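Since the structure comes first, as structure tokens, the remarks are kept for the end.
The values are calculated or read from the model by the stated rules, or taken from the named source; none is laboratory data. The structure displayed is predicted, hence computed values, not measured ones. Quick reminder, even Gly has a Cβ in these numbers, built from the backbone with ideal geometry, and neighbours come from all protein chains shown. Ligands, DNA and RNA are stripped out before the accessible areas are found, and what is left, the full protein with its side chains, is counted by its heavy atoms. Shrake-Rupley method; radii C 1.70, N 1.55, O 1.52, S 1.80 Å.
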Amino acid sequence: MASKLRGSYRLLRIFVYLLYGLWLSLRYGFGPAGEARMAEVRWRWYRRAMELAGVEIRVDGRPPDGPALVVSNHVSWLDIPVLGAVMDVRFLSKAEVARWPLIGWLARRNGTLFIHRGAHHASQIVRDMSEALSRGQRVVLFPEATTSTGAEVRRFHPRLFAAAVATGTPVQPVALEHERGADGSPPAAAFVDGEWFLVHAWRILCRPRTVVQVHLLPPLPVTEHSTRRELADAARCVVLAALGLPGDGSAAATGSARAGDRQRTG
């Protein structure tokens, strides 16, 4: 009973706070001056929203000072507001989200980039990301393209790293470490196995506390010789190391294969 009362109280407060976010977007979200003001407003809004939801964010490292392609492992839908509470960023989202009532409008007003399926649309999102990076913004990418329980970090798909290569923008790896159960069970925040969002969100709201450790790792420089695959593999390796997970040698294998190709073509 106590947990349901806690969840109901938090849900009510978050709903009211969501309406407050709508008002802030209407007040500040237009014109260059408004956009500059919204950077700080967004960060503070996400931070307070996580507090209202009972999510405790612990951070080590520091956010990048300038533009960056922020790449992270992906465990939960919570990863989005958690990263928004740590630094001002632009997110990538499925195109369907743009049509959601209220949430879709807020996402559009706050600079979310929407991904459509298909090679043509992928090229367009790379151009949109490159434009945002060129304007000095930070763009978040979850290159696993799916969530996991946090016990592994799947392959980082390299395609969207092209935006960092095209603009020479550093890649900022982030390792998200969600608190596991006392018995070592998967984190309560893990959003996997096709669970319904509302059911999962309700369970999070009913918990006394949900802890997320955010590791902001050293940026990876991008040079004229950098490739998408090398950046994807390097970012995944440092995320694995920060989480204390074993690597699978994919980056080393990729590097060896390239070296062999160069020798055969030399």
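Can you report the number of residues in the stretch 68-83 which are crowded, with 20+ Cβ neighbours inside 10 Å and part of a loop (DSSP other than H, G, I, E, B)?
Selection size over the stretch 68-83: 5.
Please go through the stretch 214-235 and pick out each residue that is assigned to a helix (DSSP H, G or I) and open to solvent by less than 30 Å² (accessible area, probe 1.4 Å).
Leu231, Ala232, Asp233, Ala235
Going through Asp183, Asp193 one at a time, which residue ends up being at pLDDT below 95, of a type in the set (Asp, Glu), under 20 Å from the mean Cα position of the chain (by Cα) and open to solvent by 40 Å² or more (accessible area, probe 1.4 Å)?
Asp193
Count, please, the residues in the stretch 196-213 that happen to be open to solvent by less than 50 Å² (accessible area, probe 1.4 Å), out of contact with any strand residue (DSSP E or B) (no Cβ under 8 Å at 6 or more places or on another chain) and not small (Gly, Ala, Ser).
Looking only at that region, the number is 3.
Taking Val238 and the conditions (1) of a type outside the set (S, T, N, Q); (2) under 22 Å from Val59 (Cβ atoms); (3) assigned to a loop (DSSP other than H, G, I, E, B); (4) modelled with pLDDT of 95 or more, which numbered condition does it fall short on, given that it satisfies the others?
Going through the list (1) of a type outside the set (S, T, N, Q); (2) under 22 Å from Val59 (Cβ atoms); (3) assigned to a loop (DSSP other than H, G, I, E, B); (4) modelled with pLDDT of 95 or more, Val238 breaks only (3).
State whether the residues of the stretch 24-47 include one that is surrounded by fewer than 18 Cβ atoms within 10 Å (Cβ to Cβ), assigned to a strand (DSSP E or B) and under 17 Å from the mean Cα position of the chain (by Cα).
Within the stretch 24-47, none of the residues are surrounded by fewer than 18 Cβ atoms within 10 Å (Cβ to Cβ), assigned to a strand (DSSP E or B) and under 17 Å from the mean Cα position of the chain (by Cα).
Given the residues Val165, Val174, which is the only one that is buried (at least 21 other Cβ atoms within 10 Å of the Cβ), touching a helix residue (DSSP H, G or I) at 6+ places or on another chain (Cβ under 8 Å) and within 30 Å of Glu51 (Cα to Cα)?
Every option except Val174 fails the conditions.
Does Thr167 qualify as being touching a His at 6+ places or on another chain (Cβ under 9 Å) and among the hydroxyl-bearing types (Ser, Thr, Tyr)?
no
Scan the stretch 1-20 residue by residue and report those that are surrounded by 12 or more Cβ atoms within 10 Å (Cβ to Cβ), over 13 Å from Ile204 (Cβ atoms) and at pLDDT 90 or above.
Once the filter is applied, which keeps residues that are surrounded by 12 or more Cβ atoms within 10 Å (Cβ to Cβ), over 13 Å from Ile204 (Cβ atoms) and at pLDDT 90 or above, the stretch 1-20 yields Ser8, Tyr9, Arg13, Tyr17.
Between Gly54, Gly61, which is of a type in the set (Gly, Ala, Ser), at pLDDT 90 or above, on the phi > 0 side of the Ramachandran plot and open to solvent by 20 Å² or more (accessible area, probe 1.4 Å)?
Answer to the selection: Gly61.
Take the stretch 81-128 and flag every residue that is within 14 Å of the chain's Cα centre (by Cα) and over 29 Å from Ile204 (Cβ atoms).
Result: no residue meets the conditions.
Pick from Arg108, Arg127: which is within 19 Å of Ala39 (Cβ to Cβ), free of Cβ contacts under 8 Å to residues at least 40 places away in the same chain, in a helix (DSSP H, G or I) and among the basic types (Lys, Arg)?
Going through Arg108, Arg127 in turn, the sole match is Arg108.
If you go through the stretch 174-212, how many residues are within 23 Å of Val70 (Cβ to Cβ) and not hydrophobic (A, V, I, L, M, F, W, C)?
Looking only at that region, the number is 5.
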